[in-house]
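Step one of this worksheet: look at the structure below.
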Amino acid sequence: MFWNFWVGLAAAMLSTGELAAAAAADASVYQDPETGFTFSQYAAAYNSNGASITFRIAVPSGVQSYTPYDAVLQVVAPNDVGWAGLAWGGSMISNPLMACWKGYSNNVLVSSRWAKSHTAPTAYTGSTYQVFRTGTKTNSTHWQFTAKCTGCTSYQGDSGGMRYLSAQGGNRLAFAYSPTKPSNPSSNTSSFGVHEVIGYWNHDFSSGANPSFTSLVSKLSA
Ligand SMILES: *[C@@H]1O[C@H](CO)[C@@H](O)[C@H](O)[C@H]1NC(C)=O
Ligand SMILES: *[C@@H]1O[C@H](CO)[C@@H](O)[C@H](O)[C@H]1NC(C)=O
């Protein structure tokens, strides 16, 4: 119902200083001791206290341009985040969206979505997430997940042509935050309300390149 305010909200945030872009333009490198992946990470600030949701992306090394590839996504969110979202194509409409939140039994749900307009995004089967047990956890302050996504880095754009995210360069991503949990937190197809904050950044995928991507994925899938 409030989704049509998204454009207005984006414009308002630009004029008040876009939250995320203000801090650092590029992702830094994070070596995850738990999963073994090298991630490029970005801390997306979502309130004026500087609290942030961390988005980490790992990709295989040596991916040629304009080819599809899997990516591993790790998200770390403070417990006051009701749901968090990522737009792989950097906008709300016509690109793979990911929404995630903490379920009732201290589990983390990851949902693949797509929006054709500024309305609540619906389930999208073009990208799928395999959540790894390692690197997915909750504690008294945060929840986090680690998942392999197939179909997040390439997709059919609005004009019909394929779009490819660059594994060897920067990609413009967008995030969304809401303090309100989805209406049915135990279902990955639950509806949820409009985001309160959005932001954009340029995420350098090349610094999250992993020569052992495939073997790390197999190890975590075992
Ligand atoms: C929800 O989870 C099921 C089982 O893992 C999966 O097949 C389905 O694609 C997921 N739906 C969404 C919207 O992510
Ligand atoms: C809770 O989890 C977060 C994210 O995984 C981590 O950064 C933080 O250190 C953990 N806190 C405690 C007290 O273990």
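The values are calculated or read from the model by the stated rules, or taken from the named source; none is laboratory data. Values in this document were obtained by computation on a predicted structure and should not be read as measured data. Glycine also receives a Cβ, built like all others from the backbone with ideal geometry; neighbour counts cover every protein chain displayed. Just the protein is used for accessible areas: all its heavy atoms, side chains included, with ligands, DNA and RNA removed. Shrake-Rupley method; radii C 1.70, N 1.55, O 1.52, S 1.80 Å.
Can you report the number of residues in segment 129-172 which are within 21 Å of residue 84 (Cβ to Cβ), in a strand (DSSP E or B), out of contact with any His (no Cβ under 9 Å at 6 or more places or on another chain) and of a type outside the set (A, V, I, L, M, F, W, C)?
Number of matching residues: 14.
What pairs come out if I take residues in segment 128-150 that are over 25 Å from residue 60 (Cβ atoms) and pair them with residues that are at pLDDT below 95 and surrounded by fewer than 16 Cβ atoms within 10 Å (Cβ to Cβ) whose C-beta lies under 6 Å away, six or more apart or interchain?
So the pair list comes out as 138/106.
Just the residues that are out of contact with any strand residue (DSSP E or B) (no Cβ under 7 Å at 6 or more places or on another chain), more than 20 Å from residue 55 (Cα to Cα) and polar (S, T, N, Q), please, taken from segment 177-213.
Of everything in segment 177-213, those that are out of contact with any strand residue (DSSP E or B) (no Cβ under 7 Å at 6 or more places or on another chain), more than 20 Å from residue 55 (Cα to Cα) and polar (S, T, N, Q) turn out to be 183, 184, 186, 187, 190, 191, 212.
Looking at segment 44-88, which of its residues are touching a Gly at 6+ places or on another chain (Cβ under 8 Å), in a strand (DSSP E or B) and either open to solvent by 10 Å² or more (accessible area, probe 1.4 Å) or not small (Gly, Ala, Ser) (or both)?
Residues satisfying the conditions are 45, 56, 57, 59, 74.
Residue-by-condition table, conditions (1) open to solvent by 50 Å² or more (accessible area, probe 1.4 Å); (2) within 14 Å of ligand 2 (Cβ to nearest atom); (3) basic (Lys, Arg):
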site: 108; (1), (2), (3): no, yes, no
site: 117; (1), (2), (3): no, no, no
site: 123; (1), (2), (3): yes, no, no
site: 140; (1), (2), (3): yes, yes, no
site: 148; (1), (2), (3): no, no, yes
site: 153; (1), (2), (3): no, no, no
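Please find, within segment 1-43, the residue that is farthest from residue 143 (Cα to Cα) out of those that are modelled with pLDDT of 95 or more and open to solvent by 60 Å² or more (accessible area, probe 1.4 Å).
Checking each candidate, the answer is 29.
Residues that are within 16 Å of ligand 2 (Cβ to nearest atom) and open to solvent by 70 Å² or more (accessible area, probe 1.4 Å): does segment 89-104 have at least one?
no
Only one residue in 95, 106 is in a loop (DSSP other than H, G, I, E, B) and within 16 Å of ligand 1 (Cβ to nearest atom). Which one?
On inspection, the qualifying residue turns out to be 95.
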